[in-house]
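Below is one structure; the comments refer to it alone.
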Amino acid sequence: MADKFVFSMWTYNDISEFTPDEVDVWADCGLNIPMGPGVSPDNAAAYIPFLDRAQERGIKLIANVYGIDYGALLKIGEEEYEARIRKVIDAIGDHPALHGLCVGDEPSTLRNMEASKKCIEINKKVAPHLTPYLNYMGGTICAEGEALGGRDLKGWFKYVADETGTTELCYDDYGPAINERSKGSFMKSAYDVAKAASYAGCDAWGCLLSSAHHVYHKQREVDALWQINASAALGLRGVLWFRFYDKLGVYTYKDSPIDEFGNKTELYYGLMRSQRRFSYHFGEVFPKLNLKKVYAVKSDKGIFPEFRPGEHDLIKDIKTNDETIVSFFEDEKGDEYLCLFHTVTEWYGVVELDYDSEKCELCYVRENGKNLSPIGHEAEDEEQLMILPASIELLKIVRK
C-alpha cells in the first residue's frame, strides 16, 4: 500500500527521446510514481540512470517495457512471457526506485481480462517486492458484464487480488472532460471502484484525462483540480494522467502537459500547483483514511443520498450554496474525518456546518496533520466555511 497519495502519468515516448534529466520534469510537477519511457526487454538496463535520478528525487518509476503486456502473453505463452519478465527483473528489478512494470491497458474481453490477471500473477511470482501496473477500462469493469466472468466489480477485484497478491488496481474514466452530466457518472464510478478495491484489500487509482481528443475538451487547471479532489473525496488513492506528452505523429491528441515540441503548457504548471499543493496538505493523510459514507448536499444528480439531520451523531446539519459532496472517513485509530468537496468550478462554495460543539471540535487538517486548527469558537454551533472552486476542506472530528 502506498504511504502517499499517488500522482502518476502515461508516457508513450521511447527512452531514446529522453535523458535522465527528464525525471526532474516529472518530479518538479509533483509526480511521485510516474511511468517512464518505453524500452525493450533487451535494453532494460537503460532505465538505470533514470532510476538513479528518481531515487535522488525521492520518487519511484513504473517501467514501460515493450512486449510484456497481456497481448504478448497471449501470443507467446506463459513460459516465454515469464522468461521476458525475468530478463527485465534481472536488469533493473533490485533498484529501490522501481515501483513495478506496466503490463497493459484496457483489457475489455474475458480472455484479455484473464490474461492481464495472469500477467500480474507472473510479475508477482518473479518479483514479489514490486507492484505491476495495469489499467482497466472503466466502461468494462463498472458495467460488470461478461468480461468479468459473471462476477460483479467487487468480486472481480477480490478474484484478482487473491490470485495474484497485488495491492493496487487502476481504472480509467474521462467523463469529467465531456460535460457536467458526465461528472456525475464519474463520481459514481470512482466511489464504486474505491469501495470494491477496499473490499479486495487494494488501493485504487483513477486514470484521468489530461489530453484533449475526440469528445474530450481541453483541461484547465481548475478541471485538473476537480479530478484530483473528487478522486480523493470518493476514496481513490491515486491519480494517473492520460497522458503527459503530445507527439508530432499523433496530432488528434493535444493540450497535454508537454506539447509535441517539448514545451511545458499551461496544464503542466496547473498540475504542478495542484499536485504539489495537495501533497503538501493532504498527500500523507488520505492514504491512511478509510471511506465510510458519502452524501450529497443540494444535489439533483441522485448519485449519493442527501445529508439530512440525524445522519451523524455530532454533525447536526450541513447547508451549502451549491452542490457539495460530503465524505466521512475513519483512520486506523478510529478517529473520524469529514471531507467537503465543492463540485462547482466557476465560483466558491459556502458551507454552513451545524454541529454539537459541546461534544466535539472540528479542526482544519493542514500540512498533513501537522497543523490542526479549530474552525471556530467552542461557544458557536454553526460555522461557515468558504471553499474555493473544485476544492476540498478536510476536517478532523475531535470528540471531547
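The values are calculated or read from the model by the stated rules, or taken from the named source; none is laboratory data. None of these values were measured; they are calculated from a predicted model. Here the Cβ positions follow ideal geometry from the backbone for every residue, glycine too, while neighbour counts run over all protein chains shown. Just the protein is used for accessible areas: all its heavy atoms, side chains included, with ligands, DNA and RNA removed. Shrake-Rupley method; radii C 1.70, N 1.55, O 1.52, S 1.80 Å.
In the context of the full set of protein chains, segment 288-400 has a per residue accessible area of 50 Å² (1.4 Å probe). Can you match mean projected area of the Cα convex hull in nm² to one of these, (1) 19.0; (2) 21.8; (3) 24.9, based on a calculation from the structure here? Structure-derived value, by its label: (1). Working note: Karplus 6.51/-1.76/1.60 with θ = phi - 60° gives segment 178-183 the couplings 9, 6, 5, 4, 5, 5 Hz, where Gly and Pro are set to x. For segment 256-360, the fraction of C-alpha pairs farther apart than 21 angstrom is 52 percent.
Per-residue extension of 0.36 nm, minus the Cα-Cα distance of Phe261 and Ser40, leaves a gain of 77.1 nm for this segment. Distance from the alpha carbon centroid of segment 153-223 to that of segment 13-27 works out to 27 angstrom.
Met35 exposes around 0 Å² of accessible area when a 1.4 Å probe is run over every protein chain in place. Over the chain, dividing the summed -39,500 (n - 2.57) contributions of all DSSP H runs of at least 4 residues by the number of residues returns a 222 nm mean residue ellipticity of -9500 deg cm²/dmol. Considering only Lys316, Lys288, Lys60, the Gaussian network model of the chain with Cα springs below 10 Å gives its largest mean-square fluctuation to Lys316. Note on the chain: with neighbouring protein chains present and a 1.4 Å probe, carbon and sulfur make up 47 percent of its accessible heavy-atom surface.
Between Ile303, Ile33, Ile92, the residue with the greatest mean-square fluctuation in the GNM of the chain (Cα pairs under 10 Å linked by springs) is Ile303. Under 29 Å from the Cα of Lys117, which lysines turn up, not counting those fewer than eight places away in the same chain? Here the lysines satisfying the reach criterion relative to Lys117 are Lys4, Lys60, Lys75, Lys87, Lys125, Lys154, Lys158, Lys188, Lys195, Lys288, Lys292. Taking packing as the residue-averaged number of other Cβ atoms within 10 angstrom, the listed peptides 232-241, 391-400 run from highest to lowest as 232-241, 391-400. Under a Gaussian network description of the chain, with springs only between Cα atoms under 10 Å, the residue in Ala127, Ala197, Ala143 that fluctuates furthest is Ala143. What separates the Cα centres of segment 282-348 and segment 132-149 is a distance of 27 Å. Between Glu221 and Leu110, residue separation times 0.36 nm minus the direct Cα-Cα distance comes to 36.2 nm.
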